[in-house]
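> I have a structure here, written as structure tokens, and I will follow up with some questions on it.
The values are calculated or read from the model by the stated rules, or taken from the named source; none is laboratory data. Predicted model only: the values in this text are computed from it and were never measured. In this analysis, Cβ positions are derived from the backbone assuming ideal geometry, glycine residues included, and neighbour counts consider all displayed protein chains.
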Protein chains: 2
Amino acid sequence: MAASVGKEVSNKQLILRDYVTGSPKESDMYVKTSTIKLEIPNGSKAVLLKNLYLSCDPVMRIRMNRAEDSIFASYTPGSALSGYGVAKVLDSRHPDYKEGDFVWGPAEWEEYSLVEEPNLTKIHHTDVPLSYYTGILGYPGITAYAGFYEICSPKKGEYVFVSSASGAVGQLVGQFAKLTGCYVVGSAGSQQKVDLLKNKFGFDEAFNYKEEHDLNAALKRYFPNGIDIYFENVGGKMLDAVLLNMRDHGRIAGCGMTSTYNLDEPEGIKNLMFIIYKRIRMEGFSAIEYYHLYPKFLDHILPYIRESKIVYVEDIAEGLENGAAALLGLFSGRNVGKQVLAIACE
Amino acid sequence: MAASVGKEVSNKQLILRDYVTGSPKESDMYVKTSTIKLEIPNGSKAVLLKNLYLSCDPVMRIRMNRAEDSIFASYTPGSALSGYGVAKVLDSRHPDYKEGDFVWGPAEWEEYSLVEEPNLTKIHHTDVPLSYYTGILGYPGITAYAGFYEICSPKKGEYVFVSSASGAVGQLVGQFAKLTGCYVVGSAGSQQKVDLLKNKFGFDEAFNYKEEHDLNAALKRYFPNGIDIYFENVGGKMLDAVLLNMRDHGRIAGCGMTSTYNLDEPEGIKNLMFIIYKRIRMEGFSAIEYYHLYPKFLDHILPYIRESKIVYVEDIAEGLENGAAALLGLFSGRNVGKQVLAIACE
């Protein structure tokens, strides 16, 4: 049993103040410090977790909306945010977990969590950074893997475009595309990210969308023969420009539309008829529905990581006090690579 | 050899006056009468056709645009419209066709055509109306068949919505859906069409979209559990409302977006993120790419037609003088059923 078990300790949480409309501000969240007794009630099958790394995900913005019929459960104002994270098991009454295990899965944004019905994945490979289980070895990784291989049906030599390409998912999609023998171009929001795409992740080309006043022209420049596969992370104007540049029988994997999450009324997509003209397949997906591929995915990716044939860039902020800024940075593009919040030492 | 062969006869054509922007008018087209000598030049492998029925298709509007890089070849101002039709072979130097054959395929909007490189399908079943080969037994039929069975992957018990449901394709999709054991609702633009959908084609429900000020509410009324399959013929506001009402893993077959064809700047689709939220597959297709299924399709549908288990409603206008009105009626919804233009007796 871990040394701290049985003690009452302080437990910081990052709390949502109220539902959000429009762009969230740091003041929409606050840190609350209370105490927690590190013990599991008798008769419970709970696990007691020390949270180590929290994943900053764009979808968390959607859960800040007041929306009774939303697809994504809204947060409760006054309660902690939640998402995914990596934790260490301090104590367990659940047969699947034991003290000292590292796990990843659903996580509250707090230092310690008592989880009554744990649905966590045990981490068996600890020779790679544990924080990777919020990203390349967690749902962002499954997202890239399922989205690219299952949804996009890539073939060698095809032309692939990835938006938000230096983010948690995009950087991996680009590397999968290169391993498949595709030509791949990424867009990102700064010169630093563009350099990363070309020099670190091996994208054939990359551009800063903020410096292109005509996205259609930019895409024509990089894809004079058109785009076979678009890995969609942003929506909005970029999607409209992409639709104009798709090739016949192109495929669009609908992973996210981050450009729309802060808008009460999203911009309309005007070029959707190209889905018909070009016989395009556009398909939304959720990594959760591909979780069954996780063992196969790990077998695929771990050797590449160990041989540095796939690399991963993280942007690690520290402490729940910096959680709101880290989370909101996703929407201004401040993060470089996968945004992680580290809240405790391993 | 047909009696008229060798003679010089008058040959009316329906000519496009100039490229069109916005909504086309009847005056954008005119009938021109010239003469044609009904003979095939020596050394040619042409066929000489007497055109009987011409198909009025929404896509013809797109071809009236001046668009150098359009997917659909623009018409040439001063030349006849073209599309698909049914014809009788008056004379042939081509080994695949002989005098007296009935054929369907690409057709000029004129009474007689000399076709140098014929790419026509021979009609073997003449116990059904020949005009059907512009519709239920031509590309609209293949469109409904491929779009519903191949793109929509329907399962018994699923909820199906068809827009433009009384049109050339929609009426057939609805009947295929009923044969598959689906619940199917259609939208159309008049009470007469709504009655037709319910009483003739066997749709479970139908509504007049022009009388619904809130399409989202209308769809919620007919689909309290949501829509599994949407057969998309119109685009625009209807698509936006449908996206709000799709079920998880729904499928949208992108067949046409007639509401957008007369707009220089189409309305934007605002709810596209539901493709991601609901993991929807939206896929555009073109019947031409499914032409290889035509024999299988005929085997499937001819018995149903002969037993009146599938019915088909045509709206037949007569004479090239009425061609412009018939064609433009597609966009005001004046036609009831498949719009055909009959230009000669069989």
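> For residues in region B:65-80 being out of contact with any strand residue (DSSP E or B) (no Cβ under 6 Å at 6 or more places or on another chain) and more than 13 Å from every other protein chain (Cβ to nearest Cβ), which is nearest to B:ASN262 (Cα to Cα)? Quick ask: steps written out before the conclusion?
Here is the first cut: in region B:65-80, the ones out of contact with any strand residue (DSSP E or B) (no Cβ under 6 Å at 6 or more places or on another chain) are B:65-74, B:76, B:78-79.
Filter once more, keeping what is more than 13 Å from every other protein chain (Cβ to nearest Cβ): B:66, B:68, B:74, B:76, B:78-79.
Numbers: B:ARG66: 13, B:GLU68: 18, B:SER74: 15, B:THR76: 18, B:GLY78: 21, B:SER79: 21 Å.
Per the stated criteria, the residue is B:ARG66.
> For region A:283-292, check the following and say yes or no: at least one residue is in contact with a helix residue (DSSP H, G or I) (Cβ under 7 Å, 6 or more places away or on another chain) and without any contact (Cβ under 8 Å) to a residue 24 or more places away in the chain. Break it down into steps so the answer makes sense when it comes.
At the first step, the residues of region A:283-292 found to be in contact with a helix residue (DSSP H, G or I) (Cβ under 7 Å, 6 or more places away or on another chain) are A:283-285, A:287, A:290-291.
Now restrict to residues that are without any contact (Cβ under 8 Å) to a residue 24 or more places away in the chain: none.
No, the conditions are met nowhere in region A:283-292.
> Yes or no: region B:197-206 includes at least one residue that is within 26 Å of A:MET273 (Cα to Cα) and either crowded, with 18+ Cβ neighbours inside 10 Å or more than 14 Å from chain A (Cβ to nearest Cβ) (or both). Walk me through it before giving the result.
Keep residues of region B:197-206 that are within 26 Å of A:MET273 (Cα to Cα), which gives B:206.
Then drop every residue that is not either crowded, with 18+ Cβ neighbours inside 10 Å or more than 14 Å from chain A (Cβ to nearest Cβ) (or both), which leaves B:206.
Looking for residues that are within 26 Å of A:MET273 (Cα to Cα) and either crowded, with 18+ Cβ neighbours inside 10 Å or more than 14 Å from chain A (Cβ to nearest Cβ) (or both), one finds at least one in region B:197-206, hence yes.
Conditions (1) modelled with pLDDT under 95; (2) assigned by TED's automatic domain parsing to the domain that holds B:TYR112, marked per residue:
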site	(1), (2)
B:ILE280	no, no
B:LEU320	no, yes
B:GLY323	no, yes
B:SER332	yes, yes
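> Can you name every residue in region A:275-317 that is more than 7 Å from chain B (Cβ to nearest Cβ) and touching a strand residue (DSSP E or B) at 6+ places or on another chain (Cβ under 6 Å)?
If the condition is that a residue be more than 7 Å from chain B (Cβ to nearest Cβ) and touching a strand residue (DSSP E or B) at 6+ places or on another chain (Cβ under 6 Å), then A:GLU314, A:ASP315, A:ILE316, A:ALA317 are the ones that fit.
> Here's another thing I want to ask about it. Go through region A:221-273 residue by residue and tally those that are within 10 Å of chain B (Cβ to nearest Cβ), buried (at least 23 other Cβ atoms within 10 Å of the Cβ) and acidic (Asp, Glu).
Adding up the residues that qualify gives 1.
> If B:THR126 satisfies every condition in (1) surrounded by fewer than 24 Cβ atoms within 10 Å (Cβ to Cβ); (2) part of a loop (DSSP other than H, G, I, E, B); (3) touching a residue at least 60 places away in the same chain (Cβ under 8 Å) but one, which is the exception?
It fails just one condition, (3).
> Going through region B:108-128 one residue at a time, which ones are closer than 18 Å to B:ASP315 by Cβ and in contact with a strand residue (DSSP E or B) (Cβ under 8 Å, 6 or more places away or on another chain)? It would help to see each step written out before you state the result.
Initial filter on region B:108-128 (closer than 18 Å to B:ASP315 by Cβ): B:109, B:128.
Of everything in region B:108-128, just one residue is closer than 18 Å to B:ASP315 by Cβ and in contact with a strand residue (DSSP E or B) (Cβ under 8 Å, 6 or more places away or on another chain), namely B:TRP109.
> How many residues, within region A:74-110, are in a strand (DSSP E or B) and more than 22 Å from A:THR134 (Cβ to Cβ)? Working first, answer last.
Here is the first cut: in region A:74-110, the ones in a strand (DSSP E or B) are A:80, A:82-92, A:102-108, A:110.
From what's left, more than 22 Å from A:THR134 (Cβ to Cβ): A:91.
Within region A:74-110, residues that are in a strand (DSSP E or B) and more than 22 Å from A:THR134 (Cβ to Cβ) number 1.
> Moving on to the next point. Taking the conditions exactly as written (outside the structural domain of A:THR180 (by TED's automatic domain parsing) and either buried (at least 23 other Cβ atoms within 10 Å of the Cβ) or in contact with an Asp or Glu (Cβ under 6 Å, 6 or more places away or on another chain) (or both)), does A:LYS338 satisfy them or not? Reasoning before the result, please.
Numbers: outside the structural domain of A:THR180 (by TED's automatic domain parsing): yes; either buried (at least 23 other Cβ atoms within 10 Å of the Cβ) or in contact with an Asp or Glu (Cβ under 6 Å, 6 or more places away or on another chain) (or both): yes.
In short, yes.
> Within region B:292-328, track down each residue that is of a type in the set (Val, Ile, Thr) and under 21 Å from B:VAL173 (Cβ atoms).
Restricting attention to region B:292-328, the residues satisfying the condition of being of a type in the set (Val, Ile, Thr) are B:301, B:305, B:310-311, B:313, B:316.
Correct list: B:ILE301, B:ILE305, B:ILE310, B:VAL311, B:VAL313.
> Turning to a different aspect of this structure: Evaluate the following for B:VAL162: is it among the β-branched types (Val, Ile, Thr) and over 26 Å from A:PHE285 (Cβ atoms)? So that I can check it myself, show each step before the final result.
On the way: among the β-branched types (Val, Ile, Thr): yes; over 26 Å from A:PHE285 (Cβ atoms): no.
In short, no.
> Here's something else I'd like to know. May I ask you to list the residues in region A:97-120 that are among the polar types (S, T, N, Q) and either surrounded by fewer than 18 Cβ atoms within 10 Å (Cβ to Cβ) or at pLDDT below 95 (or both)?
Narrowing region A:97-120 to residues among the polar types (S, T, N, Q): A:113, A:119.
Residue satisfying the conditions is A:ASN119 alone.
> Scan region B:322-336 and tell me whether some residue there is closer than 29 Å to B:ASN11 by Cα, without any contact (Cβ under 8 Å) to a residue 12 or more places away in the chain and not aliphatic (A, V, I, L, M).
yes
> Sort through A:ILE310, A:ILE252, A:ILE316, A:ILE288 and tell me the only one that's part of a helix (DSSP H, G or I) and of a type outside the set (Phe, Trp, Tyr). Please lay out each step first, then the result.
Details: A:ILE310 fails: part of a helix (DSSP H, G or I); A:ILE252 fails: part of a helix (DSSP H, G or I); A:ILE316 fails: part of a helix (DSSP H, G or I).
Within the list A:ILE310, A:ILE252, A:ILE316, A:ILE288, the selection yields A:ILE288.
> Would you say B:GLU265 is more than 27 Å from B:LEU196 (Cα to Cα) and touching a residue at least 60 places away in the same chain (Cβ under 8 Å)?
The answer is no for B:GLU265.
> Is it the case that B:GLU318 is under 20 Å from B:VAL86 (Cα atoms), touching a residue at least 40 places away in the same chain (Cβ under 8 Å) and not hydroxyl-bearing (Ser, Thr, Tyr)? Let's see the steps before the verdict.
Details: under 20 Å from B:VAL86 (Cα atoms): yes; touching a residue at least 40 places away in the same chain (Cβ under 8 Å): no; not hydroxyl-bearing (Ser, Thr, Tyr): yes.
No: the conditions fail for B:GLU318.
> Show me the strands (runs of 3 or more DSSP E) found entirely inside region B:1-66 where at least 2 residues are surrounded by 21 or more Cβ atoms within 10 Å (Cβ to Cβ). Outline the logic, then answer.
Working: elements: B:8-16, B:29-37, B:47-55.
So the answer is B:8-16, B:47-55.
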